[in-house]
Amino acid sequence: MNYFIKACFILLLPCFIINVSAQINNRDFTAVDAYVKSIGPLDNMSMGTINNVVSNKFIDNVDKARAIYYWITHNIKYDIKAARTNNIVKNTPTEVLLYRKAVGIGFASLFQDMCSSANIRCLVVDGFIKNNINQIGENSTEINHSWAVVQLGQSSETWHYVDPALGSGFADADMKIFTTYYTDAYFFTEKATFNLQHYPDNEAWKLGIDQKNKNDFFKMPIVKVAAMEWGLTKLYPHYGKIKANVNKAVKFSFNLTSNADILKVELGIGEKKKYKVSEIKYIQLAGVLSFTYTFEQENAYPVTVLINGKELVSYYVEVE
């Protein structure tokens, strides 16, 4: 799928992008973000010094964690070449600061170390994400991503998900192109939403109520960054591989917690040179986006749902 072309398309639609940077869980981070942006990359400084500059300005632990997240996502580049081969060499916090690039484990480890220096309990979680429709139903046994969990209190409800690697941008399906794209959707993400895209190797780190097992997770469609931004909590069809009949409508529905305006919904069908985007009619009612689509030709291809020009989820559809 040509994500580069679609990424360019997104840049032409700035009015469609959800602005969640100021508010998360009713917290206003405008001042925190502005401060961290003003201090820049802090080149040639040690982790301790960087952490002091980044987080010590703030008293509240949530603000401290937010400052650390914002600084890392803006100053560390995702190493797409290493990620493609699942190479985690040179991903210690010291090496990440030295080379200013990392894969998921490097981002998460640096975030953990900086939180620890700020007296915030934080742990790294290893696990799985899916990038390509070929992974649907695969049930991979090889860990391919890492993120963090932050503890703010004693109860399990005070643990929060943070994924600074994906907060800095997204990879294409072939893991060859990484598009730099900051989003705060991966900071204290709604647990039900986060669990649609991530699955921990140790199920003890599955936060919130989630009935999926690993097999169920790998059967699901590919969940994209827009799903995090729109607060996707439920989806239908539940599984990523859909068998459809020619000229018989297929129903799609998505529970979204965001109150942002939906300006258009599209389906991207096919891949690479055969990829085509069509706008479709939809219904938005009580937080549920729903529509039907009728496939008119027998074939098998990826189908991606887009909201306001941004990818929400991808399925693989076999039309008979």
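For the reader, a short list of remarks on this structure follows.
- The strands (runs of 3 or more DSSP E) found entirely in region 112-171 that carry 1 or more residues being aromatic (Phe, Trp, Tyr) and surrounded by fewer than 22 Cβ atoms within 10 Å (Cβ to Cβ) are 121-128, 159-162, 169-171.
- Failed item in (1) assigned to a loop (DSSP other than H, G, I, E, B); (2) crowded, with 16+ Cβ neighbours inside 10 Å; (3) of a type in the set (S, T, N, Q), with Thr233 passing the rest: (1)
- Inside region 92-111, residues that are more than 16 Å from Thr73 (Cβ to Cβ) and surrounded by 15 or more Cβ atoms within 10 Å (Cβ to Cβ) make up a count of 2.
- Exactly one residue among Val265, Val305, Val313 is in contact (Cβ under 8 Å) with a residue 60 or more places away in the chain, within 22 Å of Ile133 (Cα to Cα) and not charged (D, E, K, R), and that residue is Val313.
- For region 4-41, a residue qualifies if it is at pLDDT below 95 and assigned to a helix (DSSP H, G or I), and the qualifying residues are Phe4, Ile5, Lys6, Ala7, Cys8, Phe9, Ile10, Leu11, Pro14, Cys15, Phe16.
- From the options Lys251, Lys273, Lys243, residue that is among the basic types (Lys, Arg) and assigned to a helix (DSSP H, G or I): Lys273
- Any hit, region 186-198, residues being of a type outside the set (D, E, K, R), over 29 Å from Arg121 (Cα atoms) and either at pLDDT 95 or above or crowded, with 16+ Cβ neighbours inside 10 Å (or both): no
- Qualifying positions in region 53-76 - touching a residue at least 40 places away in the same chain (Cβ under 8 Å) and loosely packed, with under 15 Cβ neighbours inside 10 Å: Asn56
- Residue, nearest to Phe107 (Cα to Cα), within region 145-158, restricted to residues that are at pLDDT below 95 and in contact with a Phe, Trp or Tyr (Cβ under 9 Å, 6 or more places away or on another chain): Gln151
The values are calculated or read from the model by the stated rules, or taken from the named source; none is laboratory data. Small disclaimer: the values here were computed from a predicted structure and weren't measured. For neighbour counting, all protein chains shown are included, and Cβ atoms are generated from backbone atoms with ideal geometry for every residue, glycine included.
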